[in-house]
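Some notes on the structure that comes next.
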Amino acid sequence: MTLKIAPSILSADFVNLQSECADAVAGGADWLHVDVMDGLFVPNITVGIPVLKSLRKTTDAFLDVHLMIDRPERYVEEFCRAGADLVTVHVEASQPQDLLEAIKTVVEQGKKIGISVKPKTPATVLLPYLDLVDLVLVMTVEPGFGGQKFMADQLPKIKQLRAMLDELNPDCDLEVDGGVDETTAPLVKAAGANVLVAGSAVFGRADRAAAIAALRKA
Ligand code: DX5
Ligand code: ZN
């Protein structure tokens, strides 16, 4: 699987989002990761549809939208229309029937669909969705904030999901989010992840190109 680095704009300077994103893309970012939080699913509030729309106008980069919101089926279509290339919903955020509806909506919009698990959620909960999605996202921190410590106890889950995907959906991307830096990147790569989200390890550094290159070769 091709390795992709996805800087999370959560650690960018939001007032200068256009130049921050341009800097990351010029520095070699494959995707831009957009963290959407509603203050209910997670104890923090970030950005939503209007910011995504504005961002879409300023960049051709692949926009990887991570919805940390309750009942995402209510909003996935709007996020697709606002310019998301990939929309990821959390398996804990809704009922199975509604999650299936959300997946169907995103596919009908011609966009990629991802499904995510929080650290305490076992991999097996994803079984009904693995052959329906383009990406699985394993959280290696409790979602809500950038700059937290990587949870190494999630590595077996990454391995387990890669094995499950090899069986059920071999082309599916496996993304890891939370505490990924030069030290932890080799661990998640070895466990089978191919998309690395990094907030503080990219936007928290002055030289974004060097930061991205370091993650790529770590
Ligand atoms: C956390 C977000 C992450 C966050 C990662 O809930 O989903 O995308 O930005 O930040 P770092 O890389 O600093 O842990
Ligand atoms: Zn995220």
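Can VAL47 be described as under 21 Å from SER19 (Cβ atoms), among the aliphatic types (A, V, I, L, M) and within 14 Å of ligand 1 (Cβ to nearest atom)?
Numbers: under 21 Å from SER19 (Cβ atoms): yes; among the aliphatic types (A, V, I, L, M): yes; within 14 Å of ligand 1 (Cβ to nearest atom): yes.
Yes; evaluated as a whole, the condition is true for this residue.
Based on this model, can you work out whether MET151 counts as within 16 Å of ligand 2 (Cβ to nearest atom) and not β-branched (Val, Ile, Thr)? Give the steps one after another, and end with the answer.
Details: within 16 Å of ligand 2 (Cβ to nearest atom): yes; not β-branched (Val, Ile, Thr): yes.
Yes: the conditions hold for MET151.
Could you list, in sequence order, the residues of region 164-218 that are touching a residue at least 40 places away in the same chain (Cβ under 8 Å), outside any helix (DSSP H, G or I), closer than 29 Å to THR124 by Cβ and within 16 Å of ligand 1 (Cβ to nearest atom)?
ASP173, LEU174, GLU175, ASP177, VAL180, THR184, ALA193, VAL195, LEU196, VAL197, ALA198, GLY199
For GLY147, which of the numbered conditions (1) at positive phi; (2) free of Cβ contacts under 8 Å to residues at least 40 places away in the same chain fails to hold?
Evaluating GLY147 over (1) at positive phi; (2) free of Cβ contacts under 8 Å to residues at least 40 places away in the same chain leaves (2) as the failure.
The rows are residues; the columns are (1) more than 16 Å from ligand 1 (Cβ to nearest atom); (2) buried (at least 22 other Cβ atoms within 10 Å of the Cβ).
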position: LEU63; (1), (2): no, yes
position: GLU92; (1), (2): no, no
position: GLN95; (1), (2): yes, no
position: GLU108; (1), (2): yes, no
position: PRO119; (1), (2): no, no
position: THR124; (1), (2): yes, no
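Within region 77-90, can you find the residues that are assigned to a helix (DSSP H, G or I) and either surrounded by fewer than 18 Cβ atoms within 10 Å (Cβ to Cβ) or among the aliphatic types (A, V, I, L, M) (or both)?
Pass one, region 77-90, residues assigned to a helix (DSSP H, G or I): 77-82.
GLU77, GLU78, ARG81, ALA82 - these are the residues of region 77-90 that are assigned to a helix (DSSP H, G or I) and either surrounded by fewer than 18 Cβ atoms within 10 Å (Cβ to Cβ) or among the aliphatic types (A, V, I, L, M) (or both).
The numbers here are math on the coordinates, done by the rules we state, and not lab data. As the structure is a prediction and not an experimental result, all values here were calculated from the model. Positions of Cβ are generated from backbone atoms using ideal geometry, with glycine treated the same way; all protein chains shown enter the neighbour counts.
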